[in-house]
Every structure is written in structure tokens, then in C-alpha cells.
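Presented below is the structure to which this report refers.
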Amino acid sequence: MNIQIARHAGFCSGVERAYNIAIETAKKNIPVYVLGYLVHNSSVISRLEDLGIKTISSLSEIPPGNECILIISAHGVGPEIYEEARNRCAEIVDTTCAWVKKAQKIARDLSDSGYQVIIAGDKDHAEVKGIAGWAGPANSKIVEDPSQVDSMDLQGKAAVVAQTTQSLENFNSIVEKVRGKVGDLVVHNTICGATSRRQDSAVELAKRSDIMLVIGDARSANTKRLKELCEKTGIPTYQIQNAGELDKNWLKGKENIGVTAGASTPEEVILQVVNKIRP
């Protein structure tokens, strides 16, 4: 049996940075909260909870008084969250990924210049909601699938940006749909470089494997994208969160096993899966 891990798999620099900052923040002697999941990985969240960091879904969950620290997750938030957080916490620790920050700034600047901002991304994802917040809810639209553009009422000036973990294929398809409906179109490919490399290496590995295992949390958008791209090669593909979800029956008769992982998957989780694959 030949087991190969994709050249680019697991923690990206943005996730690693957010995780390390959170660990250092936990050492302070006041309550620490993180709004939403710091990263979409249950094992990472469990570790942070063990350190005393509490995950909240709303700022209203923070008790009265401002002797606390709020961590902004790697996915980022809209401007209104910062304003409210300043009234609730003594300190804000911002771990927003640099690529997400870039997308937020581009969306804000385009909106300020009179462009209707189209965001190619998952409408329920925290990152996309944050980007929409910077563009202004009234001046932004979220598109998950190119077919949704057909029924949209678009202005004469429009701009398209991407959730940083989008697939390039889906982004380009949305761009072409929008191009046919507006006279003035600006396009900014804000897909992060690490995402593109991870996707390309996963597809390359899938093409020379008998089966692909994609490791990542069920909530992780970039892991979901990896699974979709590997499936398109025609190779049997399974997404698992950890070694405990691996079914060895999938491996029967398979010689070349390909493994990749989402950007929020720790290296140790990948190695645990690989060790379980081995006879």
C-alpha cells in the first residue's frame, strides 16, 4: 500500500497565526472570549476551551463589565462588531487572516466608489458575512452558484470579489455570468494563494490515486471545496474529521491512497489518520 500526503495540506499560515495568538492570549489573567469558531476544527476549539477560552456566538453572551478580552476569529467580522465589542471588552485581539483583511478592504473601497459588490462565497460563512459588512449590506450580494446571477437585478456598475477559500472554477463562472449583465465590471480574485496551492496539489494527487481521503471539520468551507474538487476527478473521495471516522473497508483493493487536509486541520490529526491507514 502506497500512502501519499498532498504537498500542500493542513494548517495554513493564517490559521497557525490565529491559533498561536489565542494560546498566548489565554495566558492573561482575565476572561477571554472568541466570537464564533476561531477556525473550523473541533479539536482546535476543544484545546482552546481547555485553556479557558470561551467560544460565543453573540457579543450579548459576554457578562456586563469590560474586564475581558475578545478574540476576533481568523474569518473576520464586519465593522459593526468592532464598534460593539469596544463597549463590552477591555481589549480586542484581532486574528483576522491577512487575505481576508485584503478582501474586506477591497469590498469597502469598491462600495465607496459606487460599485455594487458581488461576493462569490457561502452565504452562511462568517468570512463572507464579514466581507458583506464592509461593503455594506445594502450594496452587496452573495452568490454561491453561477445560476443565481440569472435572477439578480444588477446595477450598471458591479464588482466581484471572492471568499478566500472559493474554487477558482466557481469564481470564474460567477464572474462570466455577471459580466453579461453589467456595463462596468471590476474583478478582484481574492482567493488566497495557500487555498489555490492546496486545491491544485489535492487534484494532482487525486489523479494518481485510487482513493482520496480529505481530512477536515464538517464546518470547514475549504475542506468541503477540496472534497468537491477531488470528486470531480472521478476518484472515490471521503471526507473525515479524524482517524476515528476512517472506515478501513474503503481501502480494500486500493493500492495508492491519497491524503489531503483542510487549512484548519492540525498536522497531528493528519498523522493519526495516516497511521491508522497503515496495515
Point to revise | Distant-in-sequence amide H partners of Cys68 (H built 1.01 Å from N, under 5 Å) | key: Ala90, Glu91
Review point. How much mean residue ellipticity at 222 nm does the chain get from its helices, if each DSSP H run of length 4 or more adds -39500 (n - 2.57) and you divide by all residues, to the nearest 500 deg cm²/dmol?
Key: -11500 deg cm²/dmol
Practice item. Please give every one of the aspartates and glutamates within straight-line cross-link reach of Lys254, meaning a C-alpha to C-alpha distance under 14 Å, and leave out same-chain neighbours fewer than 8 residues apart. Key: Asp210
Revision key, fill the gap. With x for Gly and Pro, the residue-by-residue ³J(HN,Hα) of the range 100-111, computed from phi through the Karplus equation 6.51 cos²θ - 1.76 cosθ + 1.60 at θ = phi - 60° and given in whole Hz, is 5, 4, 4, 5, 4, 5, 4, 4, 5, 5, 5, 4
Practice item. Select from Gln148, Gln199, Gln166 the residue whose mean-square fluctuation is largest in a Gaussian network model of the chain (Cα-Cα springs shorter than 10 Å). Key: Gln148
Check your understanding: GNM on the chain, C-alpha springs below 10 Å: top fluctuator among Leu213, Leu226, Leu246?
Key -> Leu246
Point to revise | Cα-based reach from Lys232 at 16 Å (exclusive), listing lysines while leaving out same-chain residues under 8 positions away | key: Lys207, Lys224
Review point. When we measure straight from the Cα of Lys181, which lysines land under 22 angstrom away, once same-chain ones fewer than 8 places off are left out?
Key: Lys123, Lys141, Lys157
Exercise for review: For the chain, build the convex hull from the C-alpha positions and give me its volume per residue in Å³.
Suggested key: 125 Å³
Practice item. Could you run the Karplus curve 6.51 cos²θ - 1.76 cosθ + 1.60 with θ = phi - 60° over the range 47-53 and give me ³J(HN,Hα) per residue in whole Hz, x for Gly and Pro? Key: 5, 5, 5, 5, 8, x, 7
Study note, to complete from the structure: For the range 212-276 the mean separation of alpha carbon contacts under 8 Å (6+ apart) over residue count, i.e. relative contact order in percent, is 46 percent
Point to revise | Local electrostatic count at Ile81 - Lys and Arg +1, Asp and Glu -1, tallied over other residues with Cβ under 12 Å | key: -1
Review point. Around Gln241, which amide H atoms from residues at least 5 apart in sequence, or from another chain, sit under 5 Å from its own amide H, with H modelled in the peptide plane?
Key: Gly216
Review point. HN-Hα J couplings of the range 162-170 from phi, Karplus 6.51/-1.76/1.60, θ = phi - 60°, integer Hz, Gly and Pro as x?
Key: 10, 4, 5, 10, 5, 7, 4, 4, 5
Review point. The range 1-92: which trypsin sites (Lys or Arg not before Pro) are DSSP loop and have at most 15 other beta-carbon atoms within 10 angstrom?
Key: Arg7, Lys27, Lys28
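Read-outs throughout are calculated quantities, based only on the coordinates presented, and are distinct from any laboratory measurement. What you see is a predicted model, and the numbers here were worked out from it, not measured in a lab. Cβ coordinates were reconstructed from backbone atoms using ideal geometry, including for glycine residues, and neighbour counts include every protein chain displayed.
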